[in-house]
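Student: Questions regarding the structure given below will be posed in turn.
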Amino acid sequence: MATIDECRTALEQFADNLASNPKTVKKLTGFERGLAADIKDLDVSFNGRFEGGKLVGITDGDNPDAEIRMIVGSDDLLKLVAGELDFMKAFTGGQVKIKAPMMDLMKLRQVL
């Protein structure tokens, strides 16, 4: 099981990965949504915001008003960010759950 600090670092790395890809930034431009990430095995949450084509403001704690909620185990989060676990396989296999409106899911699918 990964630690809370490792999960926080992984989410920050995820944000950096998105921001460093110009195609991703372009696809996310105009996509203004709150994100909550629940790390189920650690019983902690983080939150941030998709804004200006990037994921910004990652902080500890839940955002109950977030339009997008990701539920994932700590080890799976680290594997996803490291590229060791395919997002679509993890999503269809139930390792990652995303609660969001259908149009938001389709937008996210383009960049994850």
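The values are calculated or read from the model by the stated rules, or taken from the named source; none is laboratory data. The structure displayed is predicted, hence computed values, not measured ones. We place every Cβ from the backbone using ideal geometry, glycine too, and count neighbours over all the protein chains shown. Just the protein is used for accessible areas: all its heavy atoms, side chains included, with ligands, DNA and RNA removed. Shrake-Rupley method; radii C 1.70, N 1.55, O 1.52, S 1.80 Å.
Student: Nearest 500 deg cm²/dmol is fine: what mean residue ellipticity at 222 nm does the chain get from its DSSP H runs of n ≥ 4 alone, each adding -39,500 (n - 2.57), divided by its residue count? Intermediate results must be reported in sequence, preceding the final value.
Tutor: Working: 5 runs with 48 residues, N = 112.
Using -39500 (n - 2.57) per qualifying helix, the result is -12500 deg cm²/dmol.
Student: Same structure again: Counting only protein heavy atoms and a 1.4 Å probe, tell me what percentage of the chain's accessible area is made up of carbon and sulfur.
Tutor: On the way: 3270 of 6290 Å².
Roughly 52 percent of what the probe reaches on the chain is carbon or sulfur.
Student: Can you give me the long-range amide H partners of K40? Hydrogens built in the peptide plane at 1.01 Å from N, cutoff under 5 Å, separation of 5 or more residues or another chain.
Tutor: Here V72, G73, S74 satisfy the definition.
Student: To one decimal place, what Kirkwood hydrodynamic radius in Å is obtained for the stretch 1-48 from all pairs of distinct Cα atoms? Before the final figure, lay out the partial values.
Tutor: Values: mean 1/r = 0.0831 Å⁻¹.
With all distinct Cα pairs of the stretch 1-48 included, I get 12.0 Å.
Student: Next up: Among DSSP beta bridges lying fully in the stretch 1-83, give the percent that are antiparallel, nearest 5. Don't jump to the answer; show the numbers that get you there.
Tutor: On the way: 12 of 17 bridges.
That works out to approximately 70 percent antiparallel.
Student: Report the convex hull volume per residue for the chain, counting only C-alpha atoms, in Å³. Please report the intermediate quantities before stating the final value.
Tutor: Details: hull volume 10.1 nm³, N = 112.
Convex hull volume per residue, Cα atoms: 90 Å³.
Student: Follow-up. Could you rank K107, K26, K54 by how accessible they are, 1.4 Å probe, largest area first? Let's see the in-between values first.
Tutor: Numbers: K107 60, K26 160, K54 85 Å².
Descending order: K26, K54, K107.
Student: Right, another one. Check L85: other-chain or 5+ apart residues with amide H under 5 Å from its amide H, H built from backbone geometry?
Tutor: L80
Student: Under 12 Å Cα to Cα from K23, which aspartates and glutamates show up? Leave out anything in the same chain fewer than 8 places away.
Tutor: K23 reaches no qualifying aspartates and glutamates.
Student: To the nearest 10 square angstrom, what accessible area does E51 show with a 1.4 Å probe?
Tutor: 90
Student: Can I ask one more? Put a dot 7 Å past each Cα toward the Cβ at K23 and M102; how far apart are the dots in nm?
Tutor: About 2.7 nm, to one decimal.
Student: Right, something else. What aspartates and glutamates could a cross-link reach from K107, if we take a straight Cα to Cα line under 18 Å and drop same-chain neighbours fewer than 8 places away?
Tutor: Reachable aspartates and glutamates: E32, E51, E67, D86.
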